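Report on the following structure.
The values are calculated or read from the model by the stated rules, or taken from the named source; none is laboratory data. Everything numeric here is computed off the predicted structure, so don't read it as measured data. Virtual Cβ from ideal backbone geometry, glycine too; neighbours counted across all protein chains shown.
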Amino acid sequence: MRAILAAAAALLLLLPLPAAAQQVLRLVTGELPPYAFHVPPPTVAEQGEPQGLVWEVVREVARRIGHPQTVEFMPWPRAQELALTRPNIGILALTRSPEREAHYAWVFNVVTDDLVLVGGAGVDVSSLEKVRERPTGVLLRSGAEQLLREQGFTRILPAPEEWINAQRLRDRLIDAWLAPRLMVLHAVREVGGDVATLAIGAVVRRSEIWFAASRDLPEAEILRWRRGFDEVRADGTYDRILAHYTRLRPAPVPDAARRQPIPWVN
């Protein structure tokens, strides 16, 4: 009888949790093209169509595991603050870095990019040391910003969206720009630039773009999401989404919006 009861208990552990017992993550993100973004962007329109490589992958995983697919867009610093300070927050698309490692539960790696240093005309971007004293653009509250601050950079100029860094580089308001390669290419196209003329220098480090969550997310819930992601990869859905966004040619940010002054953030 004991053996039967033990076997029954083990079987119950393998069954999926009832919906009421599962964690219902609140999914949040910022404007992070091509990972998660609106067309047109909120800086130029009140409404837009949400899309993005990470946005689509996470929503597809959510659908398969029976989780609500709603993703809330908000300022990127706010999304990070929620994931750091509140339980049951899922955050798209967070770069996994040594500086962030202990602060989040890392659920699955959606895509791996390169964190690259981009330079203006005549600027040596072969290493971070070469631009340490130059004005350098980054995304506000990003892993790139944190890295430069830890490296002792004093002329860091954060922007709320990467297309602003692309525009500032074209206008020579910054000399260098540190960002993941896919974000650089998308942002340059948004401001009508030619990616073939970009001066891309050092690959500072690999940039893993993750779906992460509040640090105390139970391991069983992490595994549930990972199994859903494995399904998305196994049947070819992931490859189709990735191919779409690597070929994407974004609509340019309207000239009128690009001429509006964007406040500097220190």
Being at pLDDT 90 or above and out of contact with any strand residue (DSSP E or B) (no Cβ under 7 Å at 6 or more places or on another chain) is the filter here; which residues of the range 187-224 pass it? 187, 188, 216, 218, 219, 220, 221, 223, 224
Among the residues of the range 173-182, is any out of contact with any strand residue (DSSP E or B) (no Cβ under 6 Å at 6 or more places or on another chain), among the acidic types (Asp, Glu) and surrounded by 19 or more Cβ atoms within 10 Å (Cβ to Cβ)? yes
Residue 29: more than 17 Å from residue 228 (Cα to Cα), of a type in the set (Val, Ile, Thr) and at pLDDT 90 or above, yes or no? yes
Filtering the range 77-104 down to residues that are of a type in the set (Val, Ile, Thr), surrounded by 15 or more Cβ atoms within 10 Å (Cβ to Cβ) and over 20 Å from residue 161 (Cβ atoms) yields 89
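Scanning the range 48-77 for residues that are among the basic types (Lys, Arg) and touching a residue at least 12 places away in the same chain (Cβ under 8 Å), which turns out nearest to residue 207 (Cα to Cα)?
Here the answer is 59.
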Restricting to the range 34-51, count the residues that are closer than 26 Å to residue 86 by Cβ and at pLDDT below 90. 2
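Any idea which of 131, 58, 125, 118 is of a type in the set (A, V, I, L, M, F, W, C) and under 15 Å from the mean Cα position of the chain (by Cα)?
58
Restricting the search to the range 209-225, which residues are basic (Lys, Arg) and over 10 Å from residue 88 (Cα atoms)? I'd like the intermediate steps shown before the answer.
Taking the range 209-225 and keeping what is basic (Lys, Arg), we get 215, 224.
Scanning the range 209-225 gives a single hit, 224.
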Can you pull out every residue in the range 105-129 that is crowded, with 17+ Cβ neighbours inside 10 Å and over 21 Å from residue 163 (Cβ atoms)? 105, 106, 107, 108, 110, 128
Limited to the range 63-89, what total is found for residues that are hydrophobic (A, V, I, L, M, F, W, C), at pLDDT 95 or above and either part of a loop (DSSP other than H, G, I, E, B) or not assigned by TED's automatic domain parsing to the domain that holds residue 226 (or both)? 1
Restricting attention to strands (runs of 3 or more DSSP E) lying wholly within the range 104-222, give those where 2 or more residues are in contact (Cβ under 8 Å) with a residue 60 or more places away in the chain. 104-119, 156-159, 176-180, 199-214
